[in-house]
1. Considering only residues that are within 8 Å of the ligand (Cβ to nearest atom) and touching a strand residue (DSSP E or B) at 6+ places or on another chain (Cβ under 7 Å), which ones fall in the stretch 133-153?
2. Determine if the stretch 60-75 includes at least one residue that is of a type outside the set (D, E, K, R) and more than 15 Å from the ligand (Cβ to nearest atom).
3. Out of all the residues in the stretch 168-188, which are exposed (fewer than 11 other Cβ atoms within 10 Å of the Cβ) and either touching a residue at least 40 places away in the same chain (Cβ under 8 Å) or away from the ligand (no atom under 11 Å from the Cβ) (or both)?
4. Yes or no: T110 free of Cβ contacts under 8 Å to residues at least 60 places away in the same chain and assigned to a helix (DSSP H, G or I)?
5. With surrounded by 14 or more Cβ atoms within 10 Å (Cβ to Cβ), outside any helix (DSSP H, G or I), within 16 Å of the ligand (Cβ to nearest atom) and in contact (Cβ under 8 Å) with a residue 40 or more places away in the chain as the only criterion, which of I213, I238, I156 stands out?
6. For the stretch 17-99, which strands (runs of 3 or more DSSP E) that fit wholly inside it have 2 or more residues that are touching a Phe, Trp or Tyr at 6+ places or on another chain (Cβ under 9 Å) and buried (at least 17 other Cβ atoms within 10 Å of the Cβ)?
Amino acid sequence: MKKVIVVTGGTRGIGKAIVYELAKKDVHIILNYKSSDEKAKLIKEDLGNKVEVFKADISKREEVRNLIKFSLDKFGKIDVLINNAGIAQEKMFIDITEEDWNNMLQTNLTSAFYTIQEVLPNMIHNKSGCIINISSIWGITGASCEVHYSVSKAGIDALTKSLAKELGPSNIRVNSVAPGIIETDMTNDYTEEELEEIKSKIPLEKIGKPEDIAKCVYWLVDDNYTTGQIISPNGGWII
Ligand code: NAP
């Protein structure tokens, strides 16, 4: 039977690359996004029956419930959940407002609490599941001027490790993929100089591509014996 895979934030960057990489398999993909209707439509046109698109703000419980209900009504099961959608913001800690803080945690961390709680009854019933959370190296090392972002990603990694322990007996694997710097809209504010400076600190001397992360996710989807791990494709930036 075809695997059913939900990918949040699949219209751009890493999520879009994940959708295209996984579409090479014999699968059904539910691509979630927040506002890029035109981008979602183009991907749907390109990938046809392999993909269903569903607009939902994953920071809102009710919209997540609708996303998962749509997927289950359509296909009867969810084999793989990829929590990819996220936001970033650069600000000095002292300038972060309560609204910034709450928005960051709600979008990057609480959203995974929602999606995972919604898919779990089905995965537990099937005694099978794979959950992949896209975190970040900043969750591991912490980042200056991105404290709330780093906290959200460290939270995701703790969620991954704790849930892997709790859900292992139900044959549900939970892992984080924690990218280094990847060329997407999220990082297009960097100047050429800043990028050169970053590259000089990366042993592989290059910025990552969304496809580099997608390949790692592709491998994890097929794996059987990896759980509770924080896998970090980062060019060797942190070792
Ligand atoms: P991106 O290019 O900015 O794309 C973000 C995606 O998330 C879009 O599809 C967007 O949908 C969706 N999204 C944002 N907020 C949403 C919400 N509330 N509900 C539903 N969808 C939402 O970002 P990216 O660089 O690909 O990042 C993807 C993930 O990788 C994020 O979790 C990010 O933290 C992580 N990451 C990125 C990097 C990097 O260097 N780029 C490094 C480490 C980790 P719309 O198109 O509809 O807005």
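1. I134, S135
2. Going residue by residue through the stretch 60-75, those that are of a type outside the set (D, E, K, R) are 64, 66-68, 70-72, 75.
Now drop any that are not more than 15 Å from the ligand (Cβ to nearest atom), which leaves 72, 75.
Yes.
3. The initial filter retains those residues of the stretch 168-188 that are exposed (fewer than 11 other Cβ atoms within 10 Å of the Cβ), namely 169, 185, 188.
Hits for the stretch 168-188 are P169, D185.
4. Working: free of Cβ contacts under 8 Å to residues at least 60 places away in the same chain: yes; assigned to a helix (DSSP H, G or I): yes.
Yes; evaluated as a whole, the condition is true for this residue.
5. Values: I213 fails: outside any helix (DSSP H, G or I); I156 fails: outside any helix (DSSP H, G or I).
The match here is I238.
6. Numbers: elements: 27-33, 51-55, 80-83.
It comes to 27-33, 51-55.
None of the figures in this text is laboratory data; all of them are computed from the coordinates on show. Remember, predicted model here, so these are calculated numbers, not experimental data. As a convention, Cβ positions derive from the backbone with ideal geometry for all residues, glycine included, and neighbour counts pool all protein chains shown.
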